[in-house]
Amino acid sequence: MLRARNKTGLVFFPAFDWAISPTHPEREERLLYTQDQVFEEGILDIEGIIEYKPDLVTKKDVQRVHFCVPDLWAVMTESHFISAGGAKTIAMAVMEKQVDCGFALVRPPGHHAGRVVHGARGFCNVNIEAIMIEYIRKAFGVDRVAIVDTDCHHGDGTQDIYWHDPDTLFISIHQDGRTLYPGTGFLSEMGGPNAVGATVNIPLPPNTSEEGILHVIREAVLPILEDFKPEIIVNSAGQDNHYSDPITNMNFSAQGYAELTSLLRPHIAVLEGGYAIEGALPYVNAGIILAMAGMDYSHLKEPDYNPERIRQSPEVTRWVKRSCEKVLENWYQRRQLGELARGDARLIQRDRKIYYDTDNIYERQHETLRVCEDCGGALLIDSAAQDRKHILAVHIPRKACQHCHDQGLAWYEEADLEVYDKVYLQDRAADVMKEKARSA
Amino acid sequence: MIIGLDVGGTHTDVVLLGKEGLVRQIKVSTNPSDLFATVLNGLEKITEDVDPGRIQRAVLSTTLATNRIVQQRMPEVGMIISAGPGMDPELFRTGPHYHVVKGGIDHRGREIAAIDADEIHKVVDVLEKKGIRYVGVVSKFSVRNPAHELAIAEILGKRFEKVFLGHRISGALNFPRRIATTFLNASVYPIHKDFFEAVVKSLAQKGLKLPIRILKPDGGNMRFASSIDYPAQTVLSGPAASVMGSVAFAPQSDTCMVMDIGGTTTDMAMLVNGVPVLDPAGIKIGEHKTLIRSLDTISIGIGGDSVVRVVDGKIHIGPDRMGVAMAYGGPVPTPTDAIFILGIGEGGDLEKARAGMKALADELQVDVQTAAQQVFDQACQTILNEAGAMVERINAKPVYTVHELWEGSRLQPRHYMVLGGPAPGSPRVSRVWATARWKWCRAGRWPTPSVPAWRGQRVR
Ligand SMILES: [Zn+2]
Ligand SMILES: [Zn+2]
Ligand SMILES: [Zn+2]
């Protein structure tokens, strides 16, 4: 009988009845052919591969991560409750040791959704990985988590959520932001002043192939993971690095993805993007499942796979090598860089503009962070979306020190309700989420 | 009138049914090397003094194919497999005559690699040289496009006695199961052919020209003539037949759990609005996972005649059976004896039942009455736990649309239909079992599976 070496959980939720719009890449049949391939290969019959029905996340699961504007119901659809729920189901199965690892093949995706949500960006409304991670931190006491985002787009939403969190290592590998949405994710983006180094961006030039991406995993990602020592490794498993993907310019393959997975050995993989729904996804997903299960994937190749045709140029190889060296250099200097960033400031401010391409919303954020050596630091976000709502949001980190906790509560108490449509509190230390508004 | 004929490995049962019900019932022994004589013998006895014109049809079932698979007594068959990219097809090898050839079809049914006729000609020569007479041909995604299977079949021509093509066996996607199912069809073909010819010839000899149906494991039946092309569809039809028997009496709305408590086992199935729940994938027989559609049934090793023992101060029931209950002269105490002692049954020898239970009671250091109560409760609890687990498993079946996940209701049996098994000597005892069980369930001791918190919330 066919048996998986690693017990592997799967949630398969193609949401055959949900789309952003009828012609959008994020539409009903995106996972149809993947499902056909997985079913036809008989993968679900393999002993040790266990399919789970997705749970739904709760309102509180979402509020632990996001400030939803104007409210949760405007941001979440039924599909989002399920896709985040699918990730949560896999995480629970892993934490309860029913399986060694698991893959949530769900849609809609989430890695472009940041902490404040006024609408959809990059096909994402809420960040399903972050919702899952903050749930297992609460329910199972997990502390150190690493997220490796291998989607072709910079995982800017995940980066935003964990920007100030020294206990979450976020590594994003993606096509250079100068050539692709969302235009961020440069080497210099290394995390907020209290968490310098915990964000690692590895931008790659267009046409990077198997050789380049696997080099990054071996030479940069694995050493950093080794050093960071996470309890849980999460892979945001986007598949749009594929050579046939219609909206990106990379040259990765099903074999490459399977090898990446077996090198990375994530506890939890969550599907992100990937829009070559016929030519790539069926083979890539089947390959990732087999790699997670510790089974032979050497026969899983796209019908038109030709490693010669997608081989990267020597120039790309040099670029990638140099990037990896720089990434490691930054990693090893992260403490000094952090001290530099903090200086002797007590509060550090930052202004940002965020564009929601899917919903065409412009947001302006003014962020205030309490500089802290002992925790992630209390965080205050003043956020206004053009022609929409103006809110104030207070985030108190999970392991907040007393000073940061007091500061956060004071910010929430002192907020002027005449100025803001709504004021939010995310007190992660107490696991209390609150909001208030002036009475109409 | 209807003839029912069930050919088993050792016995053949034949019944004659009329409007009034069972008219006649006989049992003859099966002679596997002369099925014609067996069937003819059965038909002769059942139709004695009956006007052939009054017989309208015959319904058959058989365990001949099942037994061959379970006992692994199958002829050598050849398999020709074309897989294309994906899992290594060697993983699904069925035996020594398994040949993987070129060719590939993708998930949309498009050809991604052509087959190579020369290669297949060579495979044919090899199979022929080995004396292979039955061949299965399976290509990946053949249900999306059977072109490669058909082309290979064309090359095989008439050089083999029978060729089975994967896409004809089932429309479902599952390449390894398609291989296994095609393989099993080819493997049981010869025994089924013997059976088929025996039935056709003996009916002809008796001058009976009847429509003939044969039972399938999904509770349906097929034209006997078609069974020659789908012989593996005749396996494991027994459990489905007893479930289908209950459908007529089940509530036509709501969910009903059917429990068939026999002598050795208790078989269970779920009916939703009078329709039995199907196994989502297909039947598993021996080591073979197949695409043969079947009802979702489970069988547990507790029945009215199960052996009851005390081991380390704990009651153990089954899974073995050593004979009838002591109340009927059997060798060891059974749950049926417990029922007699509790006064819910009548008709057997109460003293013998008590004598058997006394030995258990002594070991448990309780009186006979208490021991009987404990045995009865434990039998019921075990059956209900398994039933609860089955309900949970069916509810956990994944769905793939927002609508189904959001609106999909959980199945929760509201009715329990208990069928007494064929307790030898006393149909009454089984009815008592049934009544007792029914009361037990009604008493509210049915374990209610917990409902996940989110179910209670209305979103939006
Ligand atoms: Zn990325
Ligand atoms: Zn992407
Ligand atoms: Zn602090």
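Enumerate the residues in the stretch A:256-281 having an amide nitrogen under 17 Å from the point lying 7 Å beyond the Cα of A:Arg309 toward its Cβ.
The answer is A:256, A:276-281.
Considering lysine pairs in the stretch A:344-436 that are 8 or more places apart or on different chains, how many have Cα atoms under 19 Å apart?
Eligible lysine pairs with Cα atoms under 19 Å apart amount to 7.
In units of 2.2 N^0.38 Å, what is the alpha-carbon radius of gyration of the stretch A:373-415?
The value comes to 1.31.
What percent does the relative contact order of the stretch B:1-43 come to when contacts are Cα pairs within less than 8 Å and at least six residues apart?
Value for the stretch B:1-43: 33 percent.
Cα to Cα, under 16 Å, and not fewer than 8 places away if on the same chain: which lysines meet these conditions relative to B:Lys27?
Reachable lysines: B:Lys45.
Counting only the backbone N, which residues of the stretch B:192-217 are under 19 Å from the spot 7 Å out from the Cα of B:Asp34 toward its beta-carbon?
Taking a point 7 Å out along Cα→Cβ of B:Asp34, the residues of the stretch B:192-217 whose backbone N falls under 19 Å are B:194-206.
With label points built 7 Å along Cα→Cβ from the Cα atoms of B:Thr370 and B:Val100, find their separation and express it in nm.
Simple spin-label model gives 6.5 nm for this pair.
Report, to one decimal in Å, the Kirkwood hydrodynamic radius for chain B based on all distinct Cα pairs.
25.1 Å
Any lysines with Cα under 30 Å of the B:Lys358 Cα? List them, leaving off those in the same chain fewer than 8 positions away.
Here the lysines satisfying the reach criterion relative to B:Lys358 are B:Lys314, B:Lys439.
For chain A, list the DSSP H helices whose alpha carbon atoms reach 24 Å or more along the long axis and whose average Kyte-Doolittle value is -0.5 or above?
Length and hydropathy pass: A:78-95.
In whole percent, what relative contact order does the stretch A:344-436 give with Cα contacts below 8 Å and a gap of six or more residues?
Value for the stretch A:344-436: 21 percent.
List every residue whose amide H lies under 5 Å from the amide H of B:Tyr400, counting only residues 5 or more places away in sequence or on a different chain, with H placed 1.01 Å from N in the peptide plane.
Distant-sequence amide H within range of B:Tyr400: zero hits.
Once the Cβ-Cβ distance between B:Leu91 and B:Val311 is put in as r, and R0 is 41 Å, what FRET efficiency do you end up with, to the nearest 0.05?
Result of the calculation: an efficiency of 0.50.
Given a cut-off of 32 Å, what percent of all Cα-Cα pairs of chain A lie beyond it?
33 percent
What is the count of Lys pairs in the stretch A:3-335 whose alpha carbons sit under 20 Å apart, if the two are 8 or more places apart or on different chains?
The number of close lysine pairs in the stretch A:3-335 is 14.
Calculate, for A:Glu219 and A:Phe140, the FRET efficiency according to 1/(1 + (r/R0)^6) with r their C-beta to C-beta distance and R0 41 Å; round to the nearest 0.05.
0.80
In percent, what relative contact order does chain B have, based on Cα pairs under 8 Å that are 6 or more apart in sequence?
Reported as a whole number, the value is 11 percent.
Taking the Cα centroid of the stretch A:1-79 and of the stretch B:334-386, what is the distance between the two, rounded to the nearest whole Å?
Between the Cα centre of the stretch A:1-79 and that of the stretch B:334-386, the gap is 50 Å.
For A:Arg364, what charge total do you get from the other residues with a beta carbon under 13 Å from its beta carbon, if Lys and Arg give +1 and Asp and Glu give -1?
That sum, taken over residues with Cβ under 13 Å, equals 0.
Which values of log₁₀ I(q)/I(0), to two decimal places, follow from the Debye formula for the stretch B:78-187 at q = 0.15, 0.16 Å⁻¹ with a uniform point scatterer at every Cα?
-0.53, -0.61
Calculate, in nm to one decimal, what B:Gln72 and B:Gln381 gain on full extension: separation in residues at 0.36 nm each, minus their alpha carbon distance.
107.6 nm
Please work out, to two decimal places, the log10 of the ratio I(q)/I(0) at q = 0.09 Å⁻¹ from a Debye calculation in which every Cα of the protein assembly as shown carries one identical scatterer.
-1.01
Going Cα to Cα from B:Lys289, which lysines come in below 19 Å? Please leave out same-chain ones fewer than 8 positions away.
B:Lys140, B:Lys216, B:Lys397
Quick check: residue separation of B:Ser409 and B:Lys19 times 0.36 nm, minus the Cα distance between them. What number comes out in nm?
136.4 nm
The numbers here are math on the coordinates, done by the rules we state, and not lab data. Everything numeric in this text was worked out from a predicted model, so none of it was measured. Don't worry about glycine lacking a Cβ; one is built from the backbone with ideal geometry, like all the others, and counts go over all protein chains shown.
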